[in-house]
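Just so you know, all these numbers are worked out from the coordinates, no wet-lab data involved. These numbers were taken from a predicted model, which means no experiment stands behind them. Counting neighbours? That spans all protein chains shown, and the Cβs are built from the backbone with ideal geometry, glycine included.
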Amino acid sequence: MKKVLFILFAIAVAFGPALAAEKCAGIEAGAKAYNESDFERAIDEWRTCVDNGMEDADLFYNLGNAYFRSGKLGFSIYYYKMALRLRATDDDIMHNLKFAQAMTRDKVEEDEEENPILTGLFKAHHALSLKAQLFTLLALFWIITLVLIARKLVIGETRKNICTGIVFALTTVFCVIGASAAYKVIVLETEITGVVTAADADVTSAPSDKSQTLNTLSEGTSFEVISVQGNFAEIRLGEKIKGFVKLSEVGIIK
């Protein structure tokens with residue numbers, strides 16, 4: 001009996017996503033509308049699937065494309081980020097997300113005096129995508145393994161020392177890239193971010209309609225979410241912008 005239940009469970013896991021897609025008629029209807037350049041109808045069809053609890057990277061990615069083609073930058077970025085949460089190494093999602101983000105008006109002002117070492121590390125951290133880092137780590141692992149094998153086979157202390165030096169250098173690179181990749185995974189799993197989906201969103205000093213307006217963020221601006229308080233989210237953008245925005249004007253990515 002237990003064996004039968006296990007087999008049924010395995011079948012459910014294997015075919016669950018496919019069955020969910022079949023149950024949501026909006027998937028095919030949305031694709032048909034999108035191919036006919038009826039992006040508003042495509043959005044409506046695909047949103048019915050989202051409203052029914054469907055979470056799928058392709059669905060979110062397609063919604064991001066449809067919103068972008070409809071000129072709704074905020075929702076486009078929001079759904080690209082939702083897709084990236086489920087498929088962190090997808091190059092197409094990352095490319096479209098960066099393209100859409102480049103069109104936003106709000107930019108975080110950088111400090112005039114920057115630490116060149118920290119700046120270099122920051123650029124190196126973002127130079128490779130998570131997918132590229134994982135492939136690099138795999139390649140380094142096999143290279144290190146081959147060099148270790150070669151060290152055992154070569155004759156002469158000098159050659160062995162050269163192999164040791166190569167292993168040390170490659171291991172250092174492996175650890176640095178591994179730490180960067182691990183940090184990206186942790187951020188994807190734990191960080192809560194948001195995107196302005198309305199034409200603009202006021203950043204207020206307190207979670208109240210009567211509080212003072214500190215800043216105004218334009219559509220598509222991304223920010224870090226600190227907490228959610230009632231109908232407001234406490235946010236931070238860079239070092240200078242911190243306050244509260246209405247949940248009705250933003251999308252939260254968890």
>> Under the 0.36 nm per residue contour assumption, what length would be gained going from the current alpha-carbon distance of Ile155 and Leu137 to full extension?
In response: 3.6 nm
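Tell me, what does the Kirkwood hydrodynamic radius of region 139-227 come to in angstroms if you use every pair of distinct C-alpha atoms?
Values: mean 1/r = 0.0563 Å⁻¹.
The answer is 17.8 Å.
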> When the chain is fully extended, how far beyond the present Cα-Cα distance does Leu148 get from Asp209, taking 0.36 nm per residue of separation?
Replying inline: 15.4 nm
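Starting with the fewest neighbours, write out Tyr34, Tyr80 ranked by other beta-carbon atoms found within 10 Å of each beta-carbon.
Numbers: Tyr34 20, Tyr80 30.
Final ranking by Cβ density, sparse to dense: Tyr34, Tyr80.
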>> Under the rule of at least 5 residues apart or a separate chain, name every residue whose amide H is placed under 5 Å from the amide H of Ala206.
In response: Gln212, Phe244
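What's the exposure ranking of Arg151, Arg159, going from fewest to most Cβ atoms within 10 Å?
So the residues, fewest neighbours to most, are Arg159, Arg151.
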>> If amide hydrogens are placed 1.01 Å from N in the peptide plane, which non-local residues have theirs closer than 5 Å to the one on Ile192?
In response: Val225
> Exposure proxy check: Val195, Val250 ranked by fewest other beta carbons within 10 Å?
Replying inline: Val250, Val195
>> Using amide H atoms built in the peptide plane, which far-off residues or other-chain residues are under 5 Å from Val228 H to H?
In response: Glu234
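How long is the gain from Ala179 to Ser218 if the chain were fully straight, where each residue apart is worth 0.36 nm and the alpha carbon distance is subtracted?
Numbers: separation 39, 0.36 × 39 = 14.04 nm, distance 3.40 nm.
Roughly 10.6 nm would be gained on extension.
With r as the distance between the Cβ atoms of Ala57 and Glu239 and R0 = 25 Å, compute the FRET efficiency 1/(1 + (r/R0)^6) and round to 0.05.
Numbers: r = 33 Å, r/R0 = 1.30.
With R0 = 25 Å, the Cβ-Cβ based efficiency is 0.15.
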